[in-house]
Amino acid sequence: FYDLVVRRMLWMGKMKGGADEIWVHPFMALRDLRIGVQMAEADTVVWLDQVNPSVEIAPEYLVRSYRLPHAELREMYTVSFDQPNAVVHLEIKGDIRHIVLKYASSLRYMWPYSDDATGSFRYGFNTAINGHIISGQQGSLNTVVTYSERPAEEKMEADERRKQVNVWARFPVHHDGSFNMYLMASSNSLQEAVALYRERSAQMSRLAEQSQQYYKRLLKEHLNFETPDTAFNQGYRWALARTDQFLQTTPGLGTAL
């Protein structure tokens, strides 16, 4: 299990691949994120959660590195410390020709609300921002997912049994290229989520750097010490960061443990 926790977002999953749930308080913005690759001249998709990566985890990011036949791929998840947005960044070398994404959105409220509380959905692909939009609760719950490349194919469909919208998309990869997926959410309006993307898209590649600066200040401004036990020293720094992450902000309610 891993999690990336910031004031407005809780991103969690398994080390081996993808993300299970992404919450932007007070609702689940995204779930069941899976990433796959299509190699040159191959029709089948290799899903990354079926490949064993090497993993690097820090309070502000998760990095997975994969070695595939005739290709290498580096996958990085980064969350904004104080805003409801995050980035999936892929660095690609070798014979990968397409990236395939699968995910869902239920927009469900945090427990103890029922999963019926969200009501009906509106969803679609917005060409102006090159992204998928899912909206519920009469427009007050909104997830926006945009991409650095135009999809070669994309589809969205409602899953009434699971009360969610399923998204599938395939993107071309330029040789030795990169690919970004951007996530924004709002519990106020769709316009707010879209405006967040337009205002911060230029800064999103620097989310990890900005979050690193926050944790450096946190360590500098709070009690810290060094002992001969390096594992204890690292554990103390993790404990300080994790304690700070228990502070969560929900719009309209405030910030609390």
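Some notes on this structure:
- Some residue of segment 80-100 being part of a strand (DSSP E or B), over 15 Å from the mean Cα position of the chain (by Cα), surrounded by fewer than 16 Cβ atoms within 10 Å (Cβ to Cβ) and not hydroxyl-bearing (Ser, Thr, Tyr): yes
- Flag for Val55 being of a type outside the set (Gly, Ala, Ser), in contact with a His (Cβ under 8 Å, 6 or more places away or on another chain) and either modelled with pLDDT of 95 or more or surrounded by fewer than 19 Cβ atoms within 10 Å (Cβ to Cβ) (or both): no
- Check on Ala86, farther than 23 Å from Ile134 by Cβ and in contact (Cβ under 8 Å) with a residue 24 or more places away in the chain: no
- Of everything in segment 171-228 that is in a loop (DSSP other than H, G, I, E, B) and charged (D, E, K, R), the residue that is nearest to Ile129 (Cα to Cα) is Asp176.
- Cβ separations smaller than 9 Å between residues 6+ apart or across chains give the following pairs from segment 216-233 residues that are touching a residue at least 24 places away in the same chain (Cβ under 8 Å) to residues that are outside any loop (DSSP other than H, G, I, E, B) and surrounded by 10 or more Cβ atoms within 10 Å (Cβ to Cβ): Leu218/Leu240; Leu218/Ala241; Leu218/Asp244.
- For segment 141-168, the set of residues classified as in a strand (DSSP E or B) and either open to solvent by 50 Å² or more (accessible area, probe 1.4 Å) or over 17 Å from Ile22 (Cβ atoms) (or both) consists of Glu153, Glu154, Lys155, Met156, Glu157, Ala158, Asp159, Trp168, listed by residue number.
- Across segment 108-138, the qualifying residues are those that are of a type in the set (Gly, Ala, Ser) and either under 13 Å from Ala169 (Cβ atoms) or at pLDDT 90 or above (or both), and the one among them that is nearest to the chain's Cα centre (by Cα) is Gly131.
- Of residues in segment 11-52 being part of a loop (DSSP other than H, G, I, E, B) and in contact with a Ser or Thr (Cβ under 8 Å, 6 or more places away or on another chain), the one surrounded by the most Cβ atoms within 10 Å (Cβ to Cβ): His25
The values are calculated or read from the model by the stated rules, or taken from the named source; none is laboratory data. Everything numeric here is computed off the predicted structure, so don't read it as measured data. Ideal geometry is used to build each Cβ from the backbone, glycine not excepted, and the neighbour counts take in all protein chains shown. Just so you know, the surface numbers come from the protein's heavy atoms only, side chains and all, with ligands and any DNA or RNA stripped out. Shrake-Rupley method; radii C 1.70, N 1.55, O 1.52, S 1.80 Å.
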